[in-house]
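Written below as structure tokens is the structure these notes are about.
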Amino acid sequence: MMKIERVELSLLYLPYVHPFETSLGREEGRTFIIVKVFGDGLCGYGEVVASQAPLYSYETTITSWHILEDFLIPLLFKAGLSEPEEFSRAALKFRGHPMAKAGLELALWDLKARALGVPLYQLYGGTQKEITPGVSCGIEDSLDELLRQVEGYVREGYKRVKIKIKPGWDVEPCRLLRKHFPDLPLQVDANGAYRIEDKERLKALDEFCLLMLEQPFPPYDLWDHSRLAREMATPLCLDESILNFDSVRKAYEMGACRIINIKVGRVGGICEARRIHDYSQVHDLPVWCGGMLESGIGRAHNLHLASLPNFLYPPDLSASKRYYAEDIIEPPIELTARGTILVPEGPGIGVNPVEERIKKATRRHAVYLPSNY
Ligand code: OSB
Ligand code: MG
């Protein structure tokens, strides 16, 4: 069994190529944590997707840092854990903080796959080696600007578009995009901005033949999602409400959604994501891989997860240049001429983190050794 000799955390900031606005707010760039675990002369990389502010979920970069430093990293050193499944099980004793747990678990998976010399998707049982991704478009200052953005993405080859909606920015943007792109697979994401009182407004979206409506109501509100689902033709998809395997089972049993967005950070790691995937497959509940505007490290991890067989809708997983002028990996993630992304074949995540770019973006750094605890 491998021994983890050192863990490093780096807090990075990368500016976006274009501001990203959702019903939760507008951001010009992203603050996130890169986790590195060292053992047997190898390094595994993970990414913590918690944001600087507790908007999408209660976690923040600083709460994740604290949980990693004071509780999760000591698990590796004190209990001598290095297997991702063992770590995942041991970390369950701490409540919550799924993004912190996932970041470290991802690094352990990468390390394990590198030690075995195989790409991650092989460890996971992934079957899809070429993935058709979608692009997630923020709320723009005008309909003209939204149209310009979407036209650009379609020209670049994206085969599915998601737009962010909120009350007052919903029916009109959908009507406009449908007028210009009658056949484009299109979906919308509200990030919980509506209430059950807005039911009729949401039902008006049925006329646009959307692939799905994602998370209209707040995370805790499975019941109102099930009420809306009974009255809408558009399939509902849950993102923020899906916190673990158990919330999937309950959402399914309540009829609160017909599609599941899996984000490895939100559900607390690959082990939990795979449990959700396997349950969904048995219950004819398609899943897809959501994104958190990850750096290339987190996005490469997402690609391997999205290769599992029941990931049946396009992931929110775009090329590096959709997000950042200079990604922190080489080669960058790119679209093929077919508008697809190839799952990397190299060991582990299969892309190379560029240490000098990581260093340039780092705002805070710490090294953890067994002797620190
Ligand atoms: O709700 O899917 C979401 C980004 C940050 C927080 C929440 C969400 C998103 C996205 C981005 O939609 C998708 C991507 O990474 O391309
Ligand atoms: Mg979402």
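Counting Lys and Arg as +1 and Asp and Glu as -1, each charge on the Cβ, what is the dipole of the chain about the Cα centre in debye, to the nearest 20?
On the way: 45 positive and 51 negative charges, 78 e Å.
Dipole size: approximately 380 debye.
Putting +1 on Lys and Arg Cβ atoms and -1 on Asp and Glu Cβ atoms, find which of 264, 248, 279 reaches farthest to the positive end of the dipole of the range 246-289.
Value computed over the given set: 264.
Would you mind checking the tilt of helix 143-156 against the longest principal axis of the Cα atoms of the chain, expressed as 0 to 90 degrees and rounded to 10?
60
Suppose we keep just the DSSP beta bridges with both residues in the range 122-342; what percent of those would be antiparallel, to 5? Please list the in-between numbers first.
Values: 3 of 21 bridges.
Approximately 15 percent, going by the DSSP bridge assignments.
Volume per residue, Å³, of the convex hull around the alpha-carbon atoms of the range 317-373? Before the final figure, lay out the partial values.
Working: hull volume 7.5 nm³, N = 57.
Looking at the range 317-373, the number lands at 131 Å³ per residue.
Evaluate the Kirkwood expression for the hydrodynamic radius of the range 43-197, namely the inverse of the mean inverse distance over all pairs of different C-alpha atoms, and round to one decimal in Å.
Numbers: mean 1/r = 0.0531 Å⁻¹.
Evaluated over the range 43-197, this radius sits at 18.8 Å.
Tilt of helix 171-180 relative to the longest C-alpha principal axis of the chain, in degrees (0 to 90, nearest 10)?
Relative to the chain, helix 171-180 is tipped by roughly 90 degrees.
For the ranges 273-279, 105-111, what's the packing order if you count other beta-carbon atoms within 10 Å of each residue, average per peptide, and put the highest first? Mind showing how you got there, number by number?
Working: 273-279: 20.0, 105-111: 28.7.
Ranked by mean Cβ neighbours within 10 Å, highest first: 105-111, 273-279.
Any number yet on Rg/Rh for the range 28-119, C-alpha, Kirkwood?
On the way: Rg = 13.2 Å, Rh = 13.4 Å.
Radius of gyration over Kirkwood radius for the range 28-119 works out to 0.98.
Could you work out the relative contact order of the chain? I mean the mean sequence separation of Cα pairs under 8 Å and 6+ apart, divided by the number of residues, in percent.
Values: 807 pairs, mean separation 83.0, N = 373.
Result for the chain is 22 percent.
Give the percent of DSSP beta bridges with both residues in the chain that are antiparallel, rounded to the nearest 5. List each step's numbers first, then the result.
On the way: 31 of 51 bridges.
In the chain, DSSP labels about 60 percent of beta bridges as antiparallel.
Once the principal axes of the Cα atoms of the range 122-342 are found, what is the range along each, listed largest first in whole angstroms?
Cα extents, longest axis first: 48, 42, 25 Å.
For the range 127-215, just list the percent of Cα-Cα distances falling in each 5 Å bin from zero outward, please.
Going from the shortest bin to the longest, the percentages are 3, 13, 27, 25, 17, 9, 5, 2, 0.
Show me the three semi-axes of the equivalent ellipsoid for the range 223-335, from the C-alpha gyration tensor (sqrt of 5 times each eigenvalue), largest first, rounded to whole Å. Don't skip to the answer; put the middle values down first.
Numbers: eigenvalues 154, 42, 27 Å².
Rounded to whole Å, the semi-axes are 28, 15, 12.
For helix 296-305, report the angle its Cα long axis makes with the longest principal axis of the Cα atoms of the chain; keep it between 0 and 90° and round to the nearest 10°.
The angle comes out at about 80 degrees.
Report, please, the projected area of the chain averaged over directions, based on the convex hull of its C-alpha atoms, in nm². Walk me through the numbers before you get to the answer.
Numbers: hull surface 67.4 nm².
One quarter of the hull surface, i.e. the mean projection, equals 16.8 nm².
If the chain between residue 275 and residue 89 were fully stretched, how many nm would it gain, using 0.36 nm times the residue separation less the Cα-Cα distance? Provide the component values of the computation, followed by the final result.
On the way: separation 186, 0.36 × 186 = 66.96 nm, distance 1.29 nm.
Once the chain is fully extended between residue 275 and residue 89, it gains 65.7 nm.
Which is farthest toward the positive dipole end of the range 122-342 among 301, 182, 124, measuring Cα position about the Cα centre, with Cβ charges +1 (Lys, Arg) and -1 (Asp, Glu)?
124
What distance in nm separates the simple spin-label points at residue 141 and residue 284, each placed 7 Å from Cα in the Cβ direction?
Computed distance between label sites residue 141 and residue 284 equals 4.9 nm.
Taking only DSSP H segments of four or more residues, each worth -39500 (n - 2.57), what value at 222 nm results for the chain once the sum is divided by all its residues, to the nearest 500 deg cm²/dmol?
Values: 15 runs with 133 residues, N = 373.
The helix-only estimate for the chain comes to -10000 deg cm²/dmol at 222 nm.
Every read-out reported here was derived from the displayed coordinates using simple, explicitly stated rules and does not represent laboratory data. Remember, it's a predicted structure, so these values are computed and weren't measured experimentally. Because the Cβ atoms are built from the backbone with ideal geometry, glycine has one as well, and the counts that use them run over all protein chains shown.
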